[in-house]
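The values are calculated or read from the model by the stated rules, or taken from the named source; none is laboratory data. Remember, it's a predicted structure, so these values are computed and weren't measured experimentally. Note: ideal-geometry Cβ built from the backbone for every residue, glycine included; neighbour counts use all protein chains shown.
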Amino acid sequence: MKNSRRVVITGLGVVAPNGIGKETFWQNLIAGKSAIDYITAFDASAHSCQVAAEVKDFHPSDFMSARRAKVMSRFSQLAVAATRLAMEDAGVPASMSKSMAICFGTSVSGLEIAVDGVQDFVAKGPGVIKPWTALEYPPHAAASYLAIEFEINGPALTISSNCCTGVDAINAAARQIASGQAEAAVAGSSDAPLFPIIFDAFCSLGALTKRNDDPTKASRPYDLLRDGLVLAEGGAAVILEELEVALARGATIYAEVLGHNAASEAIGMRKGDLSGRVMAETIRCAIRNADLLIEDIDHINAHGSSLPDFDVCDTKAFKTALGDHAYRIPISSIKSMIGQPVSAAGVFQTAAACLSIKHQEVPPTINQEVPDPQCDLDYVPNLSRTARIRYALINGHSFGGSVSAMVIGQLTE
C-alpha cells in the first residue's frame, strides 16, 4: 500500500458463532469461550463428525425485510447482516454509501438452495424448481444484495479463494481506494456450509474432527491431539475508507491496512506445503509491502485451523519468515473457539486483530493441553493476554494451495 492513498478500517460487522456484534464476539474471544457444539441444523448422527460452530439466535428479519430474507440464501442473509452492523459501527453517511465499492467473498455460496432445486427436479421433473433458485445460489448473490439493500452504486466484486477469501477481499477493496477508484468500500465474506450434502463432503475428505464426545474440545489448533477442523458458518464485514475522508468526518479508526501478498503452493488440492516455504515468502512480502521490518510485527492472528498438516505449515512458515522473532510474538487462533467458517475466516481474524490493537490484548488459543514439538511457538495457550500491539499480521491457507497474508497497524502520522 506504500506510495498510494492510505486506507483505514472504520467499521466492524460480525455475525459469528460466538456472538452477533463486535462486542459479544470480542468478549467471548477474550474469555476463551467455545462456540462449538453438537449440530442442530440437521440430524448429523450418521456422519463421522457431529459437531460444528453454528450462528445461533440469528434472525434475518432483524437486519432486512422478512419478505426479502425469505428467498435469500443463508450466506446472503449473513452478508447483509454483517454489512449492516459494519455500516452502523462506522456511521457511514448516506452521501458516502452511494459511491462505495463492494468486495465480498464466499466459497460455498448458496449451494444449499441449488441442492434443494436438484432434489426437487430429480423427484418431480421440469417446472418444479423454485423460480428464485437461479438468482440465489450464485456466489455473486451476496454482493448484489449488498448493493440493493444499501443502495450502493459503485462496483460490486465477488472474491473466492477458499479460506483466503476474507483477506483477499479486504485487499481488493483497499486497492480500489488506494488507486483512487473509490473513497470507501465494504469488504467481507460469508459462508453457510452446515447442511447435509456439503457437510458430508467435508467428512468424506477426512478434513473434519471425529472428536464427538466433547464438542468444546474438538477444535485444538497447534495441539498434539488435534485431528481435524470444525466446520463453521458466519459472516463478517469491514468498512474501509481513504484516510483523509475518514479524518474529515471524524470516524473512529481501528487500524490502517498496510500490506498484503498472496501466492499458490501449486502442489495439490488437498496436499499442502509442509515446509511452509511459500507461505513464509508471502508473509515476508506482506511485511515488506507494509514498509515494515519483521521485528515490527507484534501479534499474529493465525489461520490455525486444527488440521494437523496445515498447523505445521503455519508454524514452519512463521519461523522461516520471522526467524527468532517468531518465538517472541503472541500468536492466536480464534478458530479454536469459532471453528473454520471457510471464506469468512479472514475477516473474522481481521476484526479480532483490530480489536486486539484497540484493547492491547490478544485472545487465547484454547484447548492447548498437549504440546506439539512441531508447533512450539507462543500460541497464547488457553488464557488471553495483555500485550503491546502496534502491528498485526493475519494469514490464511486454503485447500488448493492458496496462501495470503495481510498486515494492519495503528494509525501513525
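Okay, here's what the table says:
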read-out: Output for region 229-245, where each listed residue is surrounded by 24 or more Cβ atoms within 10 Å (Cβ to Cβ) and more than 18 Å from the chain's Cα centre (by Cα); value: Glu241
read-out: Test result for Met279, within 23 Å of the chain's Cα centre (by Cα), in the same structural domain as Ala302 (by TED's automatic domain parsing) and under 15 Å from Asp311 (Cα atoms); value: yes
read-out: Enumeration of residues in region 19-61 that are surrounded by fewer than 17 Cβ atoms within 10 Å (Cβ to Cβ) and hydroxyl-bearing (Ser, Thr, Tyr); value: Thr24, Tyr38, Thr40, Ser45, Ser48, Ser61
read-out: Total residues in region 158-203, condition over 20 Å from Gln77 (Cα atoms) and among the small types (Gly, Ala, Ser); value: 10
read-out: Output for region 274-319, where each listed residue is assigned to a loop (DSSP other than H, G, I, E, B) and surrounded by fewer than 22 Cβ atoms within 10 Å (Cβ to Cβ); value: Leu274, Ser275, Asp291, Leu292, Leu293, Asp298
read-out: Residue selected from region 352-368 under the condition part of a strand (DSSP E or B) and touching a Lys or Arg at 6+ places or on another chain (Cβ under 8 Å), by the criterion nearest to Ala218 (Cα to Cα); value: Val362
read-out: Single unsatisfied condition, Val71 versus (1) at pLDDT below 95; (2) closer than 17 Å to Thr350 by Cα; (3) among the hydrophobic types (A, V, I, L, M, F, W, C); value: (2)
read-out: Total residues in region 20-40, condition under 23 Å from Asp227 (Cα atoms) and not polar (S, T, N, Q); value: 8
read-out: Meets criteria (aliphatic (A, V, I, L, M), over 20 Å from the mean Cα position of the chain (by Cα) and not assigned by TED's automatic domain parsing to the domain that holds Ile36) for Ile357; value: no
read-out: Conditions (1) more than 27 Å from Ser306 (Cβ to Cβ); (2) assigned by TED's automatic domain parsing to the domain that holds Ala317: number failed by Ile267; value: (1)
read-out: Condition broken by Pro139, with the remaining ones in (1) without any contact (Cβ under 8 Å) to a residue 40 or more places away in the chain; (2) more than 26 Å from Phe348 (Cβ to Cβ); (3) not aromatic (Phe, Trp, Tyr) satisfied; value: (2)
read-out: Looking only at region 1-38, and only at residues there that are in contact (Cβ under 8 Å) with a residue 60 or more places away in the chain and among the hydroxyl-bearing types (Ser, Thr, Tyr), the one that is nearest to Val51 (Cα to Cα); value: Tyr38
read-out: Some residue of region 144-158 being touching a strand residue (DSSP E or B) at 6+ places or on another chain (Cβ under 6 Å), within 23 Å of Pro17 (Cα to Cα) and surrounded by 23 or more Cβ atoms within 10 Å (Cβ to Cβ); value: yes
read-out: Residue count, region 99-134 (criterion: in contact (Cβ under 8 Å) with a residue 60 or more places away in the chain, surrounded by fewer than 16 Cβ atoms within 10 Å (Cβ to Cβ) and under 20 Å from Arg67 (Cα atoms)); value: 1
read-out: Test set (1) in contact with an Asp or Glu (Cβ under 9 Å, 6 or more places away or on another chain); (2) within 24 Å of His359 (Cα to Cα); (3) surrounded by fewer than 17 Cβ atoms within 10 Å (Cβ to Cβ); (4) not polar (S, T, N, Q) - Gly250 fails condition number; value: (1)
read-out: 3 or more residues touching a Leu at 6+ places or on another chain (Cβ under 7 Å), in the same structural domain as Thr83 (by TED's automatic domain parsing) and within 24 Å of Phe104 (Cα to Cα): qualifying helices (runs of 4 or more DSSP H) within region 127-223; value: 165-178, 196-205
read-out: Qualifying residue in region 77-98 (condition: of a type in the set (S, T, N, Q), buried (at least 23 other Cβ atoms within 10 Å of the Cβ) and either in a loop (DSSP other than H, G, I, E, B) or not assigned by TED's automatic domain parsing to the domain that holds Glu241 (or both)); value: no
read-out: Positions within region 336-351 being assigned to a helix (DSSP H, G or I) and over 10 Å from the mean Cα position of the chain (by Cα), in sequence order; value: Ser336, Met337, Ile338
